[in-house]
Amino acid sequence: MLSFPRHENFDFDPNQTDIESIVLNFVSNSLKLNLIESNSLLTVKTLTNGLSNTLFAVHSSENQGVVVRIYGKNSDLVVDHQAEIRFMIYLAQFHMSPSILLTFNNGFIYQYVPGTPIQNGDQDKSLLIARKLAEFHSIPLMDKSGKGQLVDKLRHYINLLNGINKELYRRIKLSSSPVFTDISWSKLTEDINQMEVIFNNEDLKWKNLSIVVCHNDTQSLNFLYDEKKNNYISLIDFEHCARNIWLYDVFNHFIESTGFNDEEPDYENAYPIRDKQKQWLEIYLSNALFLNDKIEKQMTIDELCDLGDCLRAPIHLYWSLWAFVEALLSSESMQKFDYIKYGKWRLKYYEKYKNEFFSSVKQ
């Protein structure tokens, strides 16, 4: 049974001019800072003034402190915050997530995780990620039903965009969005329904692949490297955490090798060649304790890579729909990053690879 942290009935407004002082006072007054040296001077620093969240670090020293995370406006339509908190509490029991110390109405406070985000293209540290991700996936499922949640999440986003779930357009006070007239939501809905059929087909390998707790946002920047702690790797940002096929996390990591600094990333050339994929997977498989006695152990690495390549379509579709929802919910986000352009770019890659996925029924 999960033990939930204390809750404070308090709302932050990240747009207040003195927000850092408010955060510092809240942390000082609300937490018994056993993590922070007593009688030491606390400092506060804005980590990100993000599109989805605003993060502040409160420190007494370089490696001792907490992070205050304030949810972005309307982010509850993009992320199930309660599910995220449950996953983090559960994962913290296995030292795979920082501990949540306190929740408040529009966010929570968790332990600061020391380390430097791993940059795209760092091949040596990418191989360390392989080992870490295998260890992460080896954690037993919190829900023993083992049902994957990818289709549910795709369906949630598409229903917001096509208006079946009216909450998105109600909040932005529109009946629909004129920027999506060239997108057929009905066709994408049919595709998602067909994906569900394929994933659940007992005669296909998809149904037999192991379902694990997946991070689902395995870009390199969500892995922290701590040289002072014997090159230890930590995971952060569990917003998209859910049950999924383990290969999804692996090939999402490969796809995201291109980074997130451009609305039209070069997914074609950044995608690792087969030899690099196999090298990465060899390290992963040697550390993936959960795969003992599973069907994947009977498959060759090339077979696993073939299946992973097929997953490029649903991965691109997921991030495309996510980007569209983000764009509609916050006009401010479009001033920092063109989520419409980015979403359409990823939709283009979904269309490019979807036949590869749907033809997997012929395996």
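Once the 1.4 Å probe is applied to the protein heavy atoms, the chain comes out at 47 Å² accessible per residue.
Estimated from helices alone, the mean residue ellipticity of the chain at 222 nm is -13500 deg cm²/dmol (sum of -39500 (n - 2.57) over DSSP H runs with n ≥ 4, per residue).
Spread over its residues, the convex hull of the C-alpha atoms of the range 295-363 is 104 Å³ per residue.
A Förster radius of 56 Å, combined with the Cβ-Cβ distance separating residue 358 from residue 21, puts the computed FRET efficiency at roughly 0.55.
The ellipsoid that matches the Cα gyration tensor of the range 206-363 has semi-axes, each √(5λ) in whole angstrom, of 27, 21, 14, with the longest given first. Summing Cβ point charges (Lys, Arg +1; Asp, Glu -1) relative to the Cα centre of the range 117-360 gives a dipole of roughly 600 debye.
Counting other Cβ atoms within 10 Å of each Cβ, which chymotrypsin sites (Phe, Trp or Tyr not before Pro) in the range 213-319 have at most 15 and sit in a DSSP loop? Those satisfying the criteria are 260. Exposure here means at most 10 other Cβ atoms within 10 Å; with GluC sites (Glu not before Pro) in a DSSP loop as sites, the longest stretch of the chain lacking them is 203-363.
Find the percent of Cα-Cα distances in the chain that exceed 33 Å, and round it to a whole number.
Taking all Cα-Cα pairs of the chain, the fraction more than 33 Å apart is 31 percent.
Across the chain, Cα pairs under 8 Å and at least six residues apart give a relative contact order of 16 percent.
Let me make sure I get this right: for the range 7-112, a, b and c are the square roots of the gyration tensor eigenvalues over alpha carbons, sorted descending. Under 1.5 in a/c it's rounded, otherwise prolate if a/b > b/c, else oblate. Which is it?
Here the range 7-112 falls in the oblate category.
Under 16 Å of direct C-alpha separation, and excluding same-chain neighbours fewer than eight residues apart, residue 336 reaches these lysines: 73. Accessible area ranking (1.4 Å probe, heavy atoms, ligands and nucleic acids excluded), largest first, for 334, 195, 96: 334, 96, 195.
The values are calculated or read from the model by the stated rules, or taken from the named source; none is laboratory data. All values derive from a computational prediction rather than experimental measurement. Neighbour counts are summed over all protein chains in view; Cβ atoms, including those assigned to glycine, are modelled from backbone coordinates with ideal geometry. Just the protein is used for accessible areas: all its heavy atoms, side chains included, with ligands, DNA and RNA removed. Shrake-Rupley method; radii C 1.70, N 1.55, O 1.52, S 1.80 Å.
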